[in-house]
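Peer 1: Before we start, here is the structure in question, set down as structure tokens.
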Amino acid sequence: MAETQGQQHPIGLYLQVWGWLFVLSFFSYLVDYNEVEGFLRWFLVILFMMLKAWLIIAVFMHMQWERASLRYAVFAPPIVLLILIFFLVAEGGYISLLRSLYFGQ
């Protein structure tokens, strides 16, 4: 009977990733616990969320060991969407400023 060979990752790697996910979740909780408000709050929450998503995708979904073309196919669209969202937020602020100047308070 032919034996199939597969890639085996050490359990320590998964435990390390679980540890980092716990630490990042703890920092996200601290943002809420310390009642951080405004832009800093949303920046930190999104930063921790993106780091956790990157860890999960890289290790648990085994994307770290895939070919570069597959990684680009998976990661390029969200990066483009984040850039477009940034442009929309910047334009929204500009339009809001113009409306307040033109129509007044």
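Every number in this text was worked out from the coordinates using simple rules, so none of it is lab data. Computed from a predicted structure; not experimentally measured. Reconstructed Cβ throughout: ideal geometry from the backbone, glycine too, with neighbour counts over all protein chains shown.
Peer 1: Using the structure shown, decide if Phe27 is farther than 30 Å from Val89 by Cβ, among the aromatic types (Phe, Trp, Tyr) and surrounded by 10 or more Cβ atoms within 10 Å (Cβ to Cβ).
Peer 2: On the way: farther than 30 Å from Val89 by Cβ: no; among the aromatic types (Phe, Trp, Tyr): yes; surrounded by 10 or more Cβ atoms within 10 Å (Cβ to Cβ): yes.
Spelling it out, it is not the case that Phe27 is farther than 30 Å from Val89 by Cβ, among the aromatic types (Phe, Trp, Tyr) and surrounded by 10 or more Cβ atoms within 10 Å (Cβ to Cβ).
Peer 1: Something else now. So in the stretch 30-54, with the set limited to residues that are exposed (fewer than 14 other Cβ atoms within 10 Å of the Cβ) and among the charged types (D, E, K, R), which one is nearest to Gly93 (Cα to Cα)?
Peer 2: Ranking the candidates gives Glu37 first.
Peer 1: Would you confirm, using the coordinates I've provided, whether Ala58 is among the small types (Gly, Ala, Ser) and either in contact (Cβ under 8 Å) with a residue 40 or more places away in the chain or touching a helix residue (DSSP H, G or I) at 6+ places or on another chain (Cβ under 7 Å) (or both)? Let's see the steps before the verdict.
Peer 2: Values: among the small types (Gly, Ala, Ser): yes; either in contact (Cβ under 8 Å) with a residue 40 or more places away in the chain or touching a helix residue (DSSP H, G or I) at 6+ places or on another chain (Cβ under 7 Å) (or both): yes.
The answer is yes for Ala58.
Peer 1: Name the residue, out of Gln64, Gln8, that is at negative phi and touching a helix residue (DSSP H, G or I) at 6+ places or on another chain (Cβ under 7 Å). First the steps, then the outcome.
Peer 2: Numbers: Gln8 fails: touching a helix residue (DSSP H, G or I) at 6+ places or on another chain (Cβ under 7 Å).
Just a single option satisfies the conditions, and that option is Gln64.
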